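Since the structure comes first, as structure tokens, the remarks are kept for the end.
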Amino acid sequence: MSSTHPISIVGGGLAGLALGAALARAGVAVTLCEAGRLPRPRVCGEFISGLKPATLARLGLAPHLRGAAMNRSTGWHAGGRLRWAAELPEAAPGLSRMTLEARLLEDFVVAGGELRLNFRAPDSGDVPGQVWAAGRRADASSPWLGLKIHCRNLALDHDLELHLGRGGYVGAARIEDGRVNICGLFRVRPELRGPREELLPAYIAACGLDKFAARIAQGDPDPASAAAVSGLDFTRTGFNDDRVSLGDHLAATPPYTGHGMALALEHAAAALSPLVAYASGGKNWPETTREIRAAVATQSGTRLRWARTLHPWLLHPVKQSLLLALADTRLLPFKFLYQATHGESVAA
Ligand SMILES: Cc1cc2nc3c(=O)[nH]c(=O)nc-3n(C[C@H](O)[C@H](O)[C@H](O)COP(=O)(O)OP(=O)(O)OC[C@H]3O[C@@H](n4cnc5c(N)ncnc54)[C@H](O)[C@@H]3O)c2cc1C
């Protein structure tokens, strides 16, 4: 394809890299700028649930998921015991962000994409050809902190173990090479300080999950994989922006869903054809932005609303007790809630 209008992508996370690689493969002149280095450890459960086969196909992503652990069984723990166990309607690939982003990056560069690392793009409003995949909108006053680390030798009772504690929750899921990723969301405790690799077990223990913290300590945690992020906010959106925003930059879904990556990839897939048409001169920029914004809003709106409504039930003490009472009495509508937060079922 002869590309008359170049595309520039702001942000080298999943949405930006997947879109950039697919555009470059389609012959579009595409530049991607990333504020940091790539790839790097990121705070993420690395559990890709609700990923649609159509998204994989559209972005040509299947080869990039090779070696992923296929996670299906989930166990929900609280108060020191298993409260709920359920099979997911479809397997969720478990793959470290380092691995996935290294593969996407290589794909992007080999296909001819131009990369600019350690460059933070200024916010200049809606610029023709520019796509914002710049991740979640941080809130410096947010009390929420995300922490993660890989364990090289940790046995799990289920493919995904989720542990609810006081002021936080943490997930442990299988990823490639027999590793387990531990990732949690916690209310900030200023009294807890120290290197990243020590913070996660400290926060887990402070939530009352001492036994789980001890398992991590014995599970050969890998300090090089540790990451931390603060300022987490799950209320902001970019639905009213005048520019094209994708992935978390449009709206971040709460982490318990394990669905943020699938949403980011769905957005990239939805933006691909309109951007290819724009790049070849077949569409002007206002038409292109309208089409992409309508597609991503329709795709994400209902799922996000459900995910955000349910999130406090995992964190607020009273709501958490009610949730656990529903689980104990087998009245928790797990399948319905999964469907509501993940969209249509995609049985493999
Ligand atoms: C604690 C926690 C656990 C999670 N667990 C899961 C999980 O298990 N499964 C799941 O699917 N999702 C999970 N998520 C969500 C998932 O990580 C995100 O949904 C996903 O990373 C979104 O991808 P993205 O490309 O939109 O943004 P990101 O991956 O955040 O990438 C955005 C990129 O843009 C760059 N950037 C920002 N501003 C600029 C700028 N001005 N110029 C240049 N570059 C810029 C950033 O440096 C970053 O690299 C979790 C999130 C958290 C916080």
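The values are calculated or read from the model by the stated rules, or taken from the named source; none is laboratory data. It should be emphasised that the depicted structure is a prediction, and the values quoted were computed from it without experimental measurement. Every residue, glycine as well, gets a Cβ built from its backbone with ideal geometry; the counts of neighbours run over all protein chains shown. When the accessible area is computed, the model is the full protein with side chains, heavy atoms only, and any ligands, DNA or RNA have been set aside. Shrake-Rupley method; radii C 1.70, N 1.55, O 1.52, S 1.80 Å.
Using a Cα-Cα cut-off of under 27 Å, which lysines could be cross-linked to K335, ignoring same-chain neighbours fewer than 8 residues away? The reachable lysines, counting only those whose Cα sits under 27 Å from K335, are K52, K319. Computed from point charges on the beta carbon alone (+1 for Lys and Arg, -1 for Asp and Glu), the dipole magnitude for the chain about its Cα centre is near 520 Debye. Calculated FRET efficiency, R72 to T4, Cβ-Cβ distance, R0 = 51 Å: about 0.65 to the nearest 0.05. For segment 68-148, the relative contact order is 20 percent, taking Cα pairs closer than 8 Å that sit 6 or more residues apart in sequence and dividing their mean separation by the residue count. For segment 23-94, applying the loop criterion from DSSP together with a ceiling of 16 other beta carbons within 10 Å to the trypsin sites (Lys or Arg not before Pro) yields R37, R66. Once the Cα-Cα distance is subtracted from the 0.36 nm per residue extended length, the K211 to A85 segment shows a gain of 43.5 nm. For the chain, the relative contact order comes to 24 percent (Cα pairs under 8 Å, sequence separation of at least 6). Modelled spin labels at D139 and D157, positioned 7 Å past Cα toward Cβ, are 3.4 nm from each other. Extension gain, F119 to A54, is 20.2 nm, computed as 0.36 nm per intervening residue step minus the present C-alpha separation. Which of the three applies to segment 172-329, rounded, prolate or oblate, going by the alpha-carbon gyration tensor with a ≥ b ≥ c and a/c under 1.5 meaning rounded? Prolate. Note on exposure: S321, S245, S73 ranked by accessible area (1.4 Å probe, complete protein assembly) read S321, S73, S245, with the most exposed listed first. Put simply, the amide H of S96, placed in the peptide plane, has neighbours under 5 Å in E176, leaving out anything fewer than 5 places away on its chain. Measuring nothing but how far apart in sequence close Cα pairs (under 8 Å, 6+ apart) lie, relative to its length, segment 1-84 scores a relative contact order of 23 percent.
For the chain, a Gaussian network of Cα nodes joined below 10 Å ranks L145, L314, L332 by mean-square fluctuation, and the top entry is L332. Per-residue extension of 0.36 nm, minus the Cα-Cα distance of R37 and D220, leaves a gain of 63.2 nm for this segment.
When all protein chains stay in place and ligands, DNA and RNA are ignored, the 1.4 Å accessible-area order of E191, E161, largest first, is E191, E161. Comparing mean-square fluctuations of T235, T74, T298 from a GNM of the chain with C-alpha springs under 10 Å, the top value falls on T298.
Long hydrophobic helices in the chain, taken as whole DSSP H segments with a C-alpha length of 20 Å or more on their own axis and mean Kyte-Doolittle hydropathy at least 1.0: 260-279.
Model label sites at T235 and F336, defined 7 Å from Cα along the beta-carbon direction, differ in position by 2.7 nm.
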